[in-house]
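Have a look at the structure below, then the notes.
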Amino acid sequence: EALDAADERSVRNCAGRLASAGVVVDVLVNNGAVLHEGDLLGLESRLWRASFDSNTLGPIWTERAFVPAMLARGYGRIVNVSSGWGAFSEGLDGPASYSVTKAALNAATVVLARSLTGDVKVNACCPGWVRTRMGGAEADLSLDEAAPDIVWLATLPYDGPSGGFFRHRQRIDW
């Protein structure tokens, strides 16, 4: 089912269509992102908004649409694909809008984890530098090499972590 994660109405409509069709969403992977080059003062306002819409608000909209049903069932896994560039411990060392919006996604992950009950978990992960349209052909990892961390977080056992940030199954300091 297609949706525009940066458009809250699109997300709500998609969730409604899936629920009406009897589709149960047990795993939600928020993996959309945009990266705009530019510094904090020089990047155009519209690009800042696009960055927040895609990198931070999109995952929040999907969580708001799908997590209530997970809570009602008592089970769910949410994986927010983030970046080491969004970690204070790693110096927020990427392009300004990407670092700021991924740091905000990491904060939203922690805040959501505090409100989850039952066997519903949310975590963020940094898959590394991946060969995608955004990562480019020079990136270190193929999609197949990056996927295991996401799959691991999507299939955590009951006693697995929630509210964490991981790279290669190791916790990353915020």
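Data overview
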quantity	calculated
Ellipsoid semi-axes in whole angstrom, largest first, where each is sqrt(5λ) of the Cα gyration tensor of the chain	25, 19, 15
Antiparallel DSSP beta bridges within the chain, as percent of all bridges there, nearest 5	10 percent
Cα-centred dipole magnitude for the chain, charges only on beta-carbon of K, R (+1) and D, E (-1), debye, nearest 20	560 debye
Relative contact order, percent, segment 21-100 [alpha-carbon distance under 8 Å, six or more residues apart]	44 percent
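Read-outs: derived from the displayed coordinates by stated rules, not from any lab. Note that this is a predicted model, so its numbers are computed, not measured. When we count neighbours, we look across all protein chains shown, and the Cβ atoms used for this are built from the backbone with ideal geometry, even at glycine.
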